[in-house]
Amino acid sequence: MRDDRGRKAFEILIRQNSRMLNAYIGSVVEEQSLADDLYQETMVVAWKKLDECDLTRPFGPWLRGIASRLLLAHYRKAKSNPVVLDDSIIQQVEHQFDAIDSKEADRWEDKVALLRECLEALPEKSRLAIQGRYFDGLKAPPLAKRLGITVEACWKRLARSRGLIAECLQRKGVTVDPEAAS
């Protein structure tokens, strides 16, 4: 498969799945430099293992599987593991991405547009918290200072805001209810 046609097919599949892969990695990795490294390493491993890929099945889950194995290997090697990251969390994230992938008629960009709609529908306080944390990359203490609230209140606001986004995405049919998936 690594002939010229195989290389072109790989490039097309990567182009179609790169935003999804970045979103997946970003949903389980806080450090941007680690996320970037993990993305690049996933691409290298995917290229090397392309002959093992069953191209009759969706490509996105295969890429995410590579990324999650690399991430877990990274944390094992570093002898650290974020408190929020364990196999059950990765499985839940994977389940949500599978649900998103299952709607073949929709492009990833269409799904991102629905996420933007959900973000815009948030109350202003929630939208500012999400923007500060995920778009501006602020950790809780500086974000709390920006918002004029305590760090504990900041964590609670972020949790409530993420919940509102999740509910909105479920209403729009982008994600599935984690309770229903169990």
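The values are calculated or read from the model by the stated rules, or taken from the named source; none is laboratory data. On a predicted model such as this, the values are computed, not experimentally measured, just so you know. Cβ sites come from the backbone with ideal geometry, for glycine too, and all protein chains shown count toward neighbours. Calculation scope for accessible area: heavy atoms of the full protein, side chains included, ligands and nucleic acids excluded. Shrake-Rupley method; radii C 1.70, N 1.55, O 1.52, S 1.80 Å.
Note on the stretch 105-117: among residues that are open to solvent by 80 Å² or more (accessible area, probe 1.4 Å) and assigned to a helix (DSSP H, G or I), the one that is modelled with the lowest pLDDT is ARG116. Quick one: which helices (runs of 4 or more DSSP H) lie wholly within the stretch 118-182 and hold at least 1 residues that are modelled with pLDDT of 90 or more and either in contact with a strand residue (DSSP E or B) (Cβ under 8 Å, 6 or more places away or on another chain) or not charged (D, E, K, R) (or both)? Answer list for the stretch 118-182: 124-130, 140-147, 151-171.
Restricted to the stretch 29-73, and to residues there that are of a type in the set (Lys, Arg) and touching a helix residue (DSSP H, G or I) at 6+ places or on another chain (Cβ under 8 Å), the residue that is surrounded by the most Cβ atoms within 10 Å (Cβ to Cβ) is ARG64.
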